[in-house]
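The values are calculated or read from the model by the stated rules, or taken from the named source; none is laboratory data. The model shown is predicted, which means the values in this text are computed figures rather than measured ones. When we count neighbours, we look across all protein chains shown, and the Cβ atoms used for this are built from the backbone with ideal geometry, even at glycine.
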């Protein structure tokens, strides 16, 4: 069933809503939806409604809202602090972790981050990443659109550690496997901050700063993982232990 977002709309049963321009083109020209076809609409803040297409024309597509649909959301308030990665790796991390249920992404510049972005490139990247978040969230029927923050320096993130369980996969950590940490009870506020380093890893000064702020270094096993692999592996483990991977899935 096609899935659309209308972030500024209040979704009320019986109302007819108009898809925005981006979704209109996809609905009419790509999906070729016709009156009577079914669709789902979310406000991106937790509400999802089943709907029926009432108008499908080149300039307007309207949907009549009917009953509520379940929200495919994890109870875990998981924030990914992802060091910048080059090429398509950052896009891959964003797409796959959104599918896995993260709530917020904070891109961060660290000592070994590649590439370095000037202000114009940063703006273009943020726009591109938001588009990926929206597409990935619709694909897996997220009721919430994950929040994407502007690019940060590592020091500006450290104050967030006090309010969350903070985990940092680190290749030099030999004594604390993530699976062992996850065997303990989840944090009461269900808030987790996951730091993922760049392709060269965090340096020792960065790890020291994170640990002094309250972060815990962990390892993901005996193999050194790429940054995009580490992000997906760690988020998957967190969702399996403390999130909703035990919930019944819906395939259609």
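Some points to look at:
- Filtered by the rule that a residue be in a loop (DSSP other than H, G, I, E, B) and either closer than 26 Å to residue 104 by Cα or not assigned by TED's automatic domain parsing to the domain that holds residue 11 (or both), the range 36-81 gives 43, 44, 46, 47, 69, 70, 71, 72, 73, 74, 75, 76.
- Segments classed as helices (runs of 4 or more DSSP H), wholly inside the range 126-243, with at least 2 members that are in contact with a helix residue (DSSP H, G or I) (Cβ under 7 Å, 6 or more places away or on another chain) and under 15 Å from residue 78 (Cβ atoms): 178-182, 227-242
- If you filter the range 99-116 down to residues that are free of Cβ contacts under 8 Å to residues at least 60 places away in the same chain and out of contact with any strand residue (DSSP E or B) (no Cβ under 8 Å at 6 or more places or on another chain), you find that the one that is farthest from residue 158 (Cα to Cα) is 99.
- In the range 212-231, the residues that are not assigned by TED's automatic domain parsing to the domain that holds residue 97 never reach a residue that is assigned to a helix (DSSP H, G or I) with C-beta atoms less than 8 angstrom apart, at least six apart or across chains.
- With respect to the conditions (1) touching a strand residue (DSSP E or B) at 6+ places or on another chain (Cβ under 7 Å); (2) under 23 Å from residue 94 (Cα atoms); (3) exposed (fewer than 11 other Cβ atoms within 10 Å of the Cβ), residue 219 lacks only one, and its number is (3).
- Residue in the range 191-200 that is free of Cβ contacts under 8 Å to residues at least 24 places away in the same chain and surrounded by fewer than 17 Cβ atoms within 10 Å (Cβ to Cβ) present: no
Quick grid of which residues meet (1) surrounded by 13 or more Cβ atoms within 10 Å (Cβ to Cβ); (2) at pLDDT below 95:
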{"residue": "49", "(1), (2)": "yes, no"}
{"residue": "58", "(1), (2)": "no, yes"}
{"residue": "85", "(1), (2)": "yes, yes"}
{"residue": "88", "(1), (2)": "no, yes"}
{"residue": "94", "(1), (2)": "yes, no"}
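- Of all residues making up the range 82-96, the number that are assigned to a loop (DSSP other than H, G, I, E, B) and touching a residue at least 12 places away in the same chain (Cβ under 8 Å): 3
- One residue alone among 63, 41, 12, 52 is closer than 30 Å to residue 243 by Cα and in contact with a strand residue (DSSP E or B) (Cβ under 6 Å, 6 or more places away or on another chain), and that residue is 41.
- A count restricted to the range 1-44 and to residues that are touching a residue at least 40 places away in the same chain (Cβ under 8 Å), under 21 Å from residue 101 (Cα atoms) and surrounded by 12 or more Cβ atoms within 10 Å (Cβ to Cβ) stands at 6.
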